[in-house]
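The values are calculated or read from the model by the stated rules, or taken from the named source; none is laboratory data. Note that the structure is a prediction, hence the values are computed from the model and not measured. Because the Cβ atoms are built from the backbone with ideal geometry, glycine has one as well, and the counts that use them run over all protein chains shown. Ligands, DNA and RNA are excluded from the accessible area calculation, which covers all protein heavy atoms including side chains. Shrake-Rupley method; radii C 1.70, N 1.55, O 1.52, S 1.80 Å.
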Amino acid sequence: MRKPFLAGNWKMYKTGTEAVEFIKAFVPLLGSLSDREAALGVPFTAIAQAAEAAQGTGILIGSQNIYFEKEGAFTGEISAGMVKAAGASFVILGHSERRQFFGDTDLWVSKKLAAAVAMDLIPVVCVGETLAQREAGDAFKVISGQLKNSLAGLTPDAAVKLIIAYEPVWAIGTGKTASAAEAQEVHEHIRKELSSLLGDKVAEATRILYGGSVKPDNVASLLSQKDIDGALVGGAALKPDSFAQIVKFGG
Ligand code: PGA
(Lines give C-alpha, C1' and ligand atoms only; values in the text may rest on other atoms or scores of the structure.)
Protein backbone atom coordinates (compact mmCIF):
# COMPACT_ATOMS: atom_id res chain seq x y z
CA MET A 1 0.00 0.00 0.00
CA ARG A 2 1.28 3.45 -0.89
CA LYS A 3 0.60 5.93 1.89
CA PRO A 4 -0.78 9.20 0.49
CA PHE A 5 1.80 12.00 0.62
CA LEU A 6 0.37 15.51 0.77
CA ALA A 7 3.06 18.12 0.37
CA GLY A 8 2.89 21.89 0.33
CA ASN A 9 5.33 23.80 -1.86
CA TRP A 10 5.58 27.25 -0.38
CA LYS A 11 7.78 28.63 -3.16
CA MET A 12 9.19 32.06 -2.22
CA TYR A 13 6.65 32.74 0.51
CA LYS A 14 6.97 32.94 4.30
CA THR A 15 9.72 33.82 6.74
CA GLY A 16 10.74 31.51 9.58
CA THR A 17 8.40 33.33 11.96
CA GLU A 18 5.51 33.04 9.50
CA ALA A 19 6.26 29.33 9.09
CA VAL A 20 6.03 28.82 12.86
CA GLU A 21 2.71 30.72 12.95
CA PHE A 22 1.40 28.55 10.10
CA ILE A 23 2.37 25.30 11.83
CA LYS A 24 0.82 26.41 15.14
CA ALA A 25 -2.47 27.11 13.38
CA PHE A 26 -2.26 24.06 11.10
CA VAL A 27 -1.60 21.28 13.63
CA PRO A 28 -4.89 21.59 15.57
CA LEU A 29 -6.82 21.44 12.27
CA LEU A 30 -5.28 18.12 11.28
CA GLY A 31 -6.74 14.77 12.11
CA SER A 32 -4.65 11.68 12.59
CA LEU A 33 -1.76 11.30 10.22
CA SER A 34 -1.53 7.54 10.68
CA ASP A 35 -2.77 6.71 7.18
CA ARG A 36 -1.18 9.63 5.31
CA GLU A 37 1.83 11.91 5.40
CA ALA A 38 1.81 15.71 5.50
CA ALA A 39 4.84 17.65 4.35
CA LEU A 40 5.86 21.28 3.82
CA GLY A 41 8.53 22.39 1.34
CA VAL A 42 9.65 25.70 2.80
CA PRO A 43 12.25 28.36 1.86
CA PHE A 44 15.78 27.55 3.04
CA THR A 45 15.63 30.33 5.61
CA ALA A 46 12.55 28.84 7.27
CA ILE A 47 13.71 25.20 7.49
CA ALA A 48 15.22 25.28 10.98
CA GLN A 49 12.33 27.13 12.62
CA ALA A 50 9.71 25.10 10.77
CA ALA A 51 11.42 21.82 11.70
CA GLU A 52 11.51 22.82 15.34
CA ALA A 53 7.84 23.86 15.32
CA ALA A 54 6.88 20.61 13.58
CA GLN A 55 8.73 18.35 16.00
CA GLY A 56 6.50 15.60 17.33
CA THR A 57 3.64 16.44 14.94
CA GLY A 58 4.57 14.00 12.19
CA ILE A 59 4.70 16.83 9.65
CA LEU A 60 7.78 16.57 7.44
CA ILE A 61 9.75 19.68 6.58
CA GLY A 62 11.72 19.88 3.36
CA SER A 63 13.55 22.25 1.03
CA GLN A 64 12.61 23.21 -2.52
CA ASN A 65 16.05 22.79 -4.03
CA ILE A 66 19.66 21.94 -3.20
CA TYR A 67 22.98 22.18 -4.98
CA PHE A 68 24.63 18.85 -5.73
CA GLU A 69 28.15 19.49 -4.42
CA LYS A 70 28.88 18.71 -0.77
CA GLU A 71 30.64 22.02 -0.10
CA GLY A 72 33.01 24.40 -1.79
CA ALA A 73 33.32 27.75 -3.52
CA PHE A 74 29.72 27.93 -4.78
CA THR A 75 28.54 31.33 -3.67
CA GLY A 76 24.87 31.42 -2.79
CA GLU A 77 24.32 27.68 -2.95
CA ILE A 78 23.08 25.26 -0.27
CA SER A 79 23.98 21.56 -0.05
CA ALA A 80 21.92 18.48 0.79
CA GLY A 81 23.88 18.11 4.03
CA MET A 82 23.09 21.69 5.01
CA VAL A 83 19.34 21.36 4.58
CA LYS A 84 19.43 18.03 6.36
CA ALA A 85 21.33 19.56 9.29
CA ALA A 86 18.76 22.37 9.42
CA GLY A 87 15.96 19.80 9.82
CA ALA A 88 14.82 18.94 6.29
CA SER A 89 13.80 15.36 5.59
CA PHE A 90 12.80 15.77 1.95
CA VAL A 91 13.70 17.91 -1.03
CA ILE A 92 11.75 18.98 -4.11
CA LEU A 93 13.89 18.57 -7.25
CA GLY A 94 13.40 19.80 -10.79
CA HIS A 95 10.27 21.85 -10.17
CA SER A 96 9.17 23.45 -13.44
CA GLU A 97 9.87 26.93 -12.04
CA ARG A 98 13.48 25.87 -11.41
CA ARG A 99 13.68 24.43 -14.91
CA GLN A 100 12.10 27.55 -16.45
CA PHE A 101 13.74 30.39 -14.47
CA PHE A 102 16.96 28.96 -13.05
CA GLY A 103 18.21 26.65 -15.77
CA ASP A 104 17.78 23.35 -13.95
CA THR A 105 18.19 20.56 -16.48
CA ASP A 106 17.54 16.83 -16.23
CA LEU A 107 21.29 16.35 -15.82
CA TRP A 108 21.34 18.73 -12.88
CA VAL A 109 18.28 17.07 -11.39
CA SER A 110 20.06 13.69 -11.63
CA LYS A 111 23.10 15.09 -9.79
CA LYS A 112 20.93 16.73 -7.14
CA LEU A 113 19.04 13.47 -6.79
CA ALA A 114 22.29 11.59 -6.11
CA ALA A 115 23.24 14.21 -3.50
CA ALA A 116 19.82 13.92 -1.84
CA VAL A 117 19.97 10.13 -1.75
CA ALA A 118 23.48 10.24 -0.26
CA MET A 119 22.11 12.38 2.57
CA ASP A 120 19.06 10.16 3.01
CA LEU A 121 16.66 12.95 2.06
CA ILE A 122 13.37 11.87 0.46
CA PRO A 123 13.61 13.14 -3.13
CA VAL A 124 10.48 14.51 -4.78
CA VAL A 125 11.38 14.65 -8.48
CA CYS A 126 9.07 16.82 -10.58
CA VAL A 127 8.19 16.19 -14.21
CA GLY A 128 5.54 17.64 -16.49
CA GLU A 129 4.81 18.91 -19.97
CA THR A 130 4.06 22.44 -21.15
CA LEU A 131 0.81 23.33 -22.90
CA ALA A 132 2.57 23.44 -26.29
CA GLN A 133 4.02 19.97 -25.71
CA ARG A 134 0.61 18.62 -24.69
CA GLU A 135 -1.09 20.20 -27.69
CA ALA A 136 1.55 18.71 -29.98
CA GLY A 137 0.71 15.27 -28.57
CA ASP A 138 4.14 14.98 -26.94
CA ALA A 139 3.22 14.81 -23.25
CA PHE A 140 4.15 11.14 -22.76
CA LYS A 141 7.35 11.48 -24.74
CA VAL A 142 8.46 14.57 -22.79
CA ILE A 143 7.74 12.91 -19.45
CA SER A 144 9.52 9.71 -20.44
CA GLY A 145 12.61 11.74 -21.36
CA GLN A 146 12.52 13.72 -18.11
CA LEU A 147 12.22 10.52 -16.09
CA LYS A 148 14.96 8.66 -17.93
CA ASN A 149 17.43 11.53 -17.67
CA SER A 150 16.52 12.84 -14.21
CA LEU A 151 16.69 9.36 -12.72
CA ALA A 152 19.88 8.43 -14.59
CA GLY A 153 22.31 6.65 -12.31
CA LEU A 154 19.71 5.86 -9.65
CA THR A 155 19.76 2.19 -8.64
CA PRO A 156 16.63 0.34 -7.48
CA ASP A 157 18.12 0.12 -3.97
CA ALA A 158 18.67 3.86 -3.85
CA ALA A 159 15.11 4.48 -5.08
CA VAL A 160 13.35 3.17 -1.96
CA LYS A 161 12.26 6.65 -0.85
CA LEU A 162 11.79 8.13 -4.31
CA ILE A 163 8.67 10.20 -4.91
CA ILE A 164 7.68 11.54 -8.34
CA ALA A 165 5.47 14.59 -8.80
CA TYR A 166 3.62 15.00 -12.08
CA GLU A 167 2.94 18.68 -12.55
CA PRO A 168 1.60 19.72 -15.95
CA VAL A 169 3.16 23.16 -16.38
CA TRP A 170 -0.10 24.53 -17.79
CA ALA A 171 -1.89 23.67 -14.54
CA ILE A 172 0.54 25.34 -12.12
CA GLY A 173 -0.85 28.46 -10.52
CA THR A 174 -3.37 28.85 -13.33
CA GLY A 175 -6.47 27.44 -11.69
CA LYS A 176 -6.60 24.88 -14.53
CA THR A 177 -6.36 21.36 -13.18
CA ALA A 178 -5.90 18.28 -15.25
CA SER A 179 -9.09 16.25 -14.90
CA ALA A 180 -8.71 13.23 -12.66
CA ALA A 181 -8.85 11.00 -15.75
CA GLU A 182 -6.26 13.07 -17.64
CA ALA A 183 -3.92 12.96 -14.66
CA GLN A 184 -4.46 9.22 -14.09
CA GLU A 185 -3.49 8.51 -17.69
CA VAL A 186 -0.13 10.22 -17.19
CA HIS A 187 0.43 8.69 -13.75
CA GLU A 188 -0.12 5.23 -15.22
CA HIS A 189 2.42 6.05 -17.91
CA ILE A 190 4.90 7.23 -15.27
CA ARG A 191 4.50 4.00 -13.32
CA LYS A 192 5.16 1.97 -16.48
CA GLU A 193 8.30 4.00 -17.15
CA LEU A 194 9.46 3.50 -13.55
CA SER A 195 8.97 -0.17 -14.01
CA SER A 196 11.19 -0.28 -17.08
CA LEU A 197 13.83 2.01 -15.50
CA LEU A 198 13.92 0.61 -11.97
CA GLY A 199 11.88 -2.59 -11.96
CA ASP A 200 8.35 -3.55 -10.93
CA LYS A 201 9.00 -3.48 -7.22
CA VAL A 202 10.16 0.15 -7.22
CA ALA A 203 7.37 1.12 -9.62
CA GLU A 204 4.73 -0.38 -7.33
CA ALA A 205 6.16 1.25 -4.20
CA THR A 206 6.88 4.72 -5.60
CA ARG A 207 4.37 7.38 -4.77
CA ILE A 208 3.40 9.56 -7.70
CA LEU A 209 1.96 12.92 -6.67
CA TYR A 210 -0.17 15.19 -8.82
CA GLY A 211 0.48 18.93 -8.71
CA GLY A 212 -1.11 21.91 -10.42
CA SER A 213 -3.98 23.89 -8.90
CA VAL A 214 -4.85 21.23 -6.33
CA LYS A 215 -7.54 22.65 -4.03
CA PRO A 216 -9.73 21.32 -1.21
CA ASP A 217 -12.56 20.73 -3.68
CA ASN A 218 -10.65 18.69 -6.29
CA VAL A 219 -8.19 16.73 -4.15
CA ALA A 220 -10.50 13.81 -3.35
CA SER A 221 -11.38 13.09 -6.96
CA LEU A 222 -7.72 13.26 -8.03
CA LEU A 223 -6.62 11.02 -5.16
CA SER A 224 -9.36 8.50 -5.94
CA GLN A 225 -7.44 7.51 -9.07
CA LYS A 226 -5.47 4.29 -8.92
CA ASP A 227 -2.05 5.77 -9.64
CA ILE A 228 -2.39 9.13 -7.90
CA ASP A 229 -0.76 8.77 -4.50
CA GLY A 230 -0.68 12.30 -3.20
CA ALA A 231 -0.44 15.95 -4.13
CA LEU A 232 2.12 18.72 -4.40
CA VAL A 233 0.26 21.88 -3.56
CA GLY A 234 1.36 25.48 -4.14
CA GLY A 235 -1.16 28.28 -3.60
CA ALA A 236 -3.62 26.25 -1.54
CA ALA A 237 -0.87 25.24 0.91
CA LEU A 238 -0.22 28.81 2.04
CA LYS A 239 -3.25 28.92 4.33
CA PRO A 240 -3.52 26.49 7.26
CA ASP A 241 -7.22 25.81 6.74
CA SER A 242 -7.10 25.05 3.03
CA PHE A 243 -4.00 22.87 3.34
CA ALA A 244 -5.54 21.05 6.31
CA GLN A 245 -8.63 20.33 4.23
CA ILE A 246 -6.39 18.94 1.50
CA VAL A 247 -4.44 16.74 3.91
CA LYS A 248 -7.70 15.45 5.40
CA PHE A 249 -9.16 14.59 1.96
CA GLY A 250 -11.74 11.86 2.07
CA GLY A 251 -12.15 12.24 5.83
P1 PGA B 1 -0.20 25.41 -7.54
O2 PGA B 1 1.38 25.05 -7.58
O3 PGA B 1 -0.84 24.44 -6.60
O4 PGA B 1 -0.24 26.85 -7.03
O5 PGA B 1 -0.69 25.28 -8.94
C6 PGA B 1 1.80 23.72 -7.58
C7 PGA B 1 3.30 23.66 -7.64
O8 PGA B 1 3.91 24.50 -8.32
O9 PGA B 1 3.93 22.78 -7.02
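Provide, in order from the shortest bin, the percent of all Cα-Cα pairs of the chain in each 10 Å bin, continuing until the bin that contains the maximum pair distance. Taking every Cα pair in the chain, the percentages come to 8, 34, 39, 18, 2. Glu188 to Thr105: extension gain in nm, 0.36 nm per residue of separation minus the Cα-Cα distance? Full-extension gain reported as 27.5 nm. Positive end of the dipole of the stretch 149-251 (Cβ unit charges, origin at the Cα centre): among Gly235, Ala205, Gly153, the Cα lying farthest that way belongs to Gly235. Under a model in which nothing but the beta-carbon of Lys, Arg (+1) and Asp, Glu (-1) is charged, the stretch 111-215 shows a dipole of about 220 debye around its Cα centre. In the elastic network of the chain, a GNM with C-alpha springs shorter than 10 Å, the most mobile of Phe74, Phe140, Phe22 is Phe74.
Taking a straight line from the alpha carbon of Lys176, these lysines sit under 18 Å away, with near neighbours fewer than eight places off in the same chain left out: Lys215.
Of Ala80, Phe68, Gly94, whose Cα points farthest to the positive end of the dipole of the chain (charges on the beta-carbon: +1 Lys, Arg; -1 Asp, Glu; origin at the Cα centre)? Selected residue: Ala80.
Of Ala178, Ala220, Ala132, the residue with the greatest mean-square motion in the GNM of the chain, using alpha carbon springs below 10 Å, is Ala132.
If you roll a 1.4 Å probe over the stretch 1-40 with all protein chains in place, what percent of the accessible area is carbon or sulfur?
Details: 1230 of 2070 Å².
Here carbon and sulfur together make up 60 percent of the probe-accessible area.
Please work out the C-alpha center-to-center distance from the stretch 1-74 to the stretch 102-165 and express it in whole Å. Cα centroid of the stretch 1-74 versus Cα centroid of the stretch 102-165: 21 Å apart. In a simple Cβ point-charge model (Lys, Arg +1; Asp, Glu -1; nothing else charged), the stretch 162-251 has a dipole of about 220 debye relative to its Cα centre. When the Cα gyration tensor is reduced to axis lengths a ≥ b ≥ c, the ratio a/c stays below 1.5 for the stretch 98-241, which is therefore classed as rounded.
If only the Cβ of Lys and Arg carry +1 and only the Cβ of Asp and Glu carry -1, the dipole of the chain around its Cα centre is close to 180 debye. For a quick check, take a GNM of the chain with Cα springs below 10 Å and name the residue from Gly87, Gly230, Gly56 with the largest mean-square fluctuation. It is Gly56.
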